[in-house]
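Visitor: The structure under discussion is supplied below as structure tokens; questions concerning it will follow.
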Amino acid sequence: MKAVVYRGPRQVSVEDVDDPRIEAPKDAIIKITTANICGSDLHPYEGRAQLDAGMVLGHENMGVVVDIGDAVDRIAVGDRVSVPFNLACGTCRNCVEGWTSACLRANPSGSPGAGFGYPQMGPYWGGQAEYLRVPWADFNLLKLPEGTEHESDFTMLSDIFPTGYHGTELAGVSAGHAVAVFGAGPVGLMAAYSAMLRGAAQVFVVDFQPDRLALAGQIGAIPVDVSKTDAVQAIMDGTDGFGVDCGVEAVGFQAHDPSGQEHPHLVLDNLVQVVRATGRIGVVGVYEPEDPKAATEGAKEGRYGFNYGLAFTKGITIGSGQCPVKRYNQQLRDLIIRGRATPSFIVSHELPLSAAADAYDKFDRRVDGYTKVLLHPGQ
């Protein structure tokens, strides 16, 4: 089959690789119809997260089941499905408690949490390919309506829509709240969109990419361009000096200013300033336990020197971690089916798999208009 293969920093190529096969009775094979390029894919692409050469990339996947193992009885050949980026066994303590993002059995390294085509999340090939093997298929796969309707919406269910929603859950967003989302990439836009769905009264979205800020404005959020204004002052002014009730961090460990200079603590510091006393912050931007190329000595060891003293003084609650996709994907699917949510508003490009290398390059360089790229192996 054809697949997007990682060869090294800023080196990906579409190659012929072995087709996946049933390896265990609970496996399923999916024919991929859509696989997205995620902002998190740029961490290994830029050489900031270690990934072995030869790995097939892609953790935002959906498609149609073409083969199943002997022990699979809920999922059938022909089912259209969304594949959560979390790969989970369904029976360990964390899975039973709903924390599929921290499965204790799926990652052979022994670390909690496994996934497709991503650093430190196991040996599982990703789905930027024609086919994908999914272990524990009955537990992991989410059934979708037959056909092709809502394809660009449903493809957001594997990661970024639930992850954005998870950010608002960690931040405790509810009706009438004022919310600040730092980062207008796909996850930040999904967090802002989720805050609106949950009834927020105000949603500020902070970034400096004009095309992404324009999308924030289109859904009724308040864009804050940090290349033109001080974000903290703008948000305090916009809330009559009170600050926001909730904040979402959707940037992560490579936070940088408009000049490109990295400041790993920048977003967390700003959020601690704008979130009111006793408010909440949800951190869904990725932070790595080590980053040899980090801008500070502490960040190289996973130590991020944000103003925790002020956070403690204000009694701010901070929640963090990867999204347990299965906790939310069924409900978000139904919002799409019933016309209450249309997360595909962020899609900028739909391309054949053969265009992946060029798409990675342009998405990484933040070429104007490259907000969310969908790959279609069948094209």
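The values are calculated or read from the model by the stated rules, or taken from the named source; none is laboratory data. Since we're looking at a predicted model, the values are computed, not measured. As a convention, Cβ positions derive from the backbone with ideal geometry for all residues, glycine included, and neighbour counts pool all protein chains shown. With ligands, DNA and RNA removed, areas are computed over all heavy atoms of the protein, side chains included. Shrake-Rupley method; radii C 1.70, N 1.55, O 1.52, S 1.80 Å.
Visitor: Taking 0.36 nm per intervening residue step and subtracting the Cα-Cα distance, what contour gain separates LYS314 from ALA24 on full extension?
Guide: Using 0.36 nm per residue and subtracting the Cα-Cα distance, I get 99.3 nm.
Visitor: Ok, one more. Could you identify which residue out of ARG133, ARG333, ARG21 has the top mean-square fluctuation in a GNM of the chain using Cα springs shorter than 10 Å?
Guide: Between ARG133, ARG333, ARG21, it is ARG21 that shows the largest mean-square fluctuation.
Visitor: Taking GluC sites (Glu not before Pro) as candidate sites, keep only those in a DSSP loop with at most 15 other Cβ atoms within 10 Å, then name the longest stretch of the chain containing none of them.
Guide: The segment 150-289 is the longest one with no such site.
Visitor: Taking a probe of 1.4 Å, how large is the accessible area per residue of the chain, in Å²?
Guide: Roughly 40 Å² per residue, with all protein chains present.
Visitor: How high is the FRET efficiency between ASP67 and GLU97 when r is their beta carbon distance and R₀ equals 41 Å, given to the nearest 0.05?
Guide: Rounded to the nearest 0.05, the efficiency is 0.85.
Visitor: Related question: Any idea what the dipole of the range 1-41 comes to, in debye rounded to 20, about its Cα centre with Lys/Arg Cβ at +1 and Asp/Glu Cβ at -1?
Guide: Dipole size: approximately 140 debye.
Visitor: Using a Gaussian network for the chain with springs between C-alpha atoms less than 10 Å apart, which of these wobbles most: VAL96, VAL251, VAL203?
Guide: VAL96
Visitor: Would you mind calculating the gained length between ASP361 and ASP334 on full extension (0.36 nm times residue separation, minus the Cα-Cα distance), in nm to one decimal?
Guide: My answer for the length gained is 6.3 nm.
Visitor: Just how much of TRP136 is accessible, in Å², when a 1.4 Å probe is used and the result is rounded to the nearest 10?
Guide: Estimated to the nearest 10 Å², TRP136 gives 50 Å².
Visitor: Kindly work out what percent of the DSSP beta bridges joining two residues of the chain are antiparallel, to the nearest 5.
Guide: 55
Visitor: Just how many % of Cα pairs in the range 156-268 lie over 26 Å apart, if you round to the nearest whole percent?
Guide: Everything past 26 Å amounts to 10 percent.
Visitor: Which ³J(HN,Hα) values, rounded to whole Hz and listed in residue order, are derived for the range 123-130 from phi using the Karplus coefficients 6.51, -1.76 and 1.60 in 6.51 cos²θ - 1.76 cosθ + 1.60 with θ = phi - 60°, glycine and proline given as x?
Guide: Residue by residue, the range 123-130 yields x, 7, 4, x, x, 7, 6, 6 Hz.
Visitor: Still on this structure, I have one more. Write down the Å³ per residue value for the convex hull defined by the alpha carbon atoms of the range 39-96.
Guide: Here the figure is 148 Å³ per residue.
Visitor: Okay, moving on. Taking amide H positions as placed in the peptide plane 1.01 Å from N, state which residues far from ASN307 in sequence (5 or more) or on other chains have amide H under 5 Å from it.
Guide: For ASN307, whose amide H was placed from the backbone, the distant partners under 5 Å are ASP269.
Visitor: Quick check: with the 1.4 Å probe, what order do TYR124, TYR131 take by accessible area, largest first?
Guide: Sorted by accessible area, descending: TYR131, TYR124.
Visitor: Greater than 26 Å separation of Cα atoms is the criterion. Which listed pairs, LYS26/LYS143; LYS31/LYS326; LYS300/LYS326; LYS143/LYS362, meet it?
Guide: LYS300/LYS326; LYS143/LYS362
Visitor: Further question on the same structure: Output wanted: per-residue J couplings in Hz (rounded whole) for the range 370-377, from phi through Karplus 6.51 cos²θ - 1.76 cosθ + 1.60, θ = phi - 60°, x for Gly and Pro.
Guide: 7, 9, 8, 10, 9, 10, 10, x
Visitor: For every helix of n ≥ 4 consecutive DSSP H residues, a contribution of -39,500 (n - 2.57) applies; sum these over the chain, divide by its total residues, and give [θ] at 222 nm rounded to the nearest 500 deg cm²/dmol.
Guide: Roughly -6500 deg cm²/dmol at 222 nm, from the helical runs in the chain.
Visitor: In the range 41-80, carbon and sulfur make up what percent of the accessible area (probe 1.4 Å)?
Guide: 44
Visitor: I've got another one for you. Out of all Cα-Cα pairs in the range 147-206, roughly what percent, to the nearest whole number, are more than 18 Å apart?
Guide: Percent of Cα pairs beyond 18 Å in the range 147-206: 31.
Visitor: As an exercise, take the mean of 1/r over every pair of distinct alpha carbons in the chain, invert it, and state the Kirkwood radius in angstroms.
Guide: It is 20.8 Å.
Visitor: If one computes P(r) from the Cα atoms of the range 224-309, what percent of pairs lie at distances over 23 Å?
Guide: 24
Visitor: Okay, next question. Sorted by average packing, counted as other Cβ atoms within 10 angstrom per residue and highest first, what order do 63-75, 275-287 take?
Guide: Top to bottom by mean Cβ count within 10 Å: 275-287, 63-75.
Visitor: Once you put a point 7 Å from the Cα of PHE242 and another 7 Å from the Cα of HIS263, both along the Cβ direction, what distance in nm separates them?
Guide: About 2.8 nm separates the two model spin labels.
Visitor: Could you calculate the contour length gain from SER227 to HIS376, that is, 0.36 nm times the residue separation minus the distance between their Cα atoms, to one decimal place in nm?
Guide: Full extension from SER227 to HIS376 adds 50.1 nm.
Visitor: Once neighbouring chains are kept in place and the probe is 1.4 Å, which whole percent of the accessible area of the range 192-343 is contributed by carbon and sulfur?
Guide: The computed percentage sits at 49.
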